[in-house]
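Participant: Handing you a structure now.
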């Protein structure tokens, strides 16, 4: 049985689970709504969303150094209890998030953290791009929203494809971990350092460098 968008929305409203999880549940259940809901509950995904309002004040600050010291990341991820903060799966996930930040250079944790001025600037840029490409005015707004979605995917950590499994977004992996551990988990903040970033670097061509060595 084909899985439709309406079916996905219906099961999402009933369980509070993510769109991709709902789609997978329906696919696994051959479109049977009750079986899909049962599948989500057995996986713990349906209840994971409900834990998101619970306070997570424990956790760890993890560091990750890459490329022989050329890129460094500090990331704070919170969980509800100190006991769960020692969970091996949790610590592995935090380490992998550090790798994610180092490799993919996100600017913000989530879509909600994108400043209004940055979003408006990006909206103006992609709108002008669409108009300059000769796109009809009546469809420009839809094009803008599509390109903003890509902007979020590239710049927000939770919206990025997970580097260990690019078939999932980071937020989906996070939701699955919440279901597994049974506690709310939140990515609070991160900082990425790249050696020499922002510094003016000397630019010399190879021929000039060779001549200097000869002299």
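Participant: Could you tell me the calculated FRET efficiency between residue 167 and residue 142, based on Cβ-Cβ distance and R0 = 25 angstrom, to the nearest 0.05?
Facilitator: Efficiency for this residue pair is about 0.45.
Participant: Take 22, 156 and order them by how many other Cβ atoms sit within 10 Å, fewest up front.
Facilitator: 156, 22
Participant: Over the C-alpha atoms of the chain, what are the Rg and the largest Cα-to-Cα span, Dmax, in Å?
Facilitator: Cα only, the chain: 22.1, 81 Å (Rg, Dmax).
Participant: Tell me the label-point distance for the pair residue 20, residue 180, using the 7 Å Cα-to-Cβ offset, in nm and rounded to one decimal.
Facilitator: 1.5
Participant: Follow-up. Going by average Cβ neighbours within 10 Å, how do the peptides 114-120, 72-78 rank, with the highest at the top?
Facilitator: Result, highest mean first: 72-78, 114-120.
Participant: Need one number: convex hull volume per residue for the stretch 112-172, Cα atoms only, in Å³.
Facilitator: In the stretch 112-172, the Cα convex hull volume per residue is 95 Å³.
Participant: What ranking of 162, 83 emerges when the number of other C-beta atoms within 10 Å of each C-beta is taken as an exposure proxy, fewest first?
Facilitator: Sorted ascending by nearby Cβ count, the order is 83, 162.
Participant: Provide 112, 154 in ascending order of the number of other Cβ atoms located within 10 Å of each residue's Cβ, fewest first.
Facilitator: Placing the least packed residue first, the sequence is 112, 154.
Participant: Still on this structure, I have one more. What does the extension gain come out to for residue 128 and residue 54, with contour length at 0.36 nm per residue minus their alpha carbon separation?
Facilitator: Taking 0.36 nm per residue and subtracting the Cα distance, the gain is 22.4 nm.
Participant: Oh, and also: 7 Å from Cα along Cα→Cβ at both residue 82 and residue 67: what's the point-to-point distance in nm?
Facilitator: Roughly 3.8 nm, to one decimal.
Bear in mind that the values in this text are calculations on the coordinates, not laboratory data. Given the structure is predicted, the values throughout are model-derived calculations rather than measurements. Counting neighbours? That spans all protein chains shown, and the Cβs are built from the backbone with ideal geometry, glycine included.
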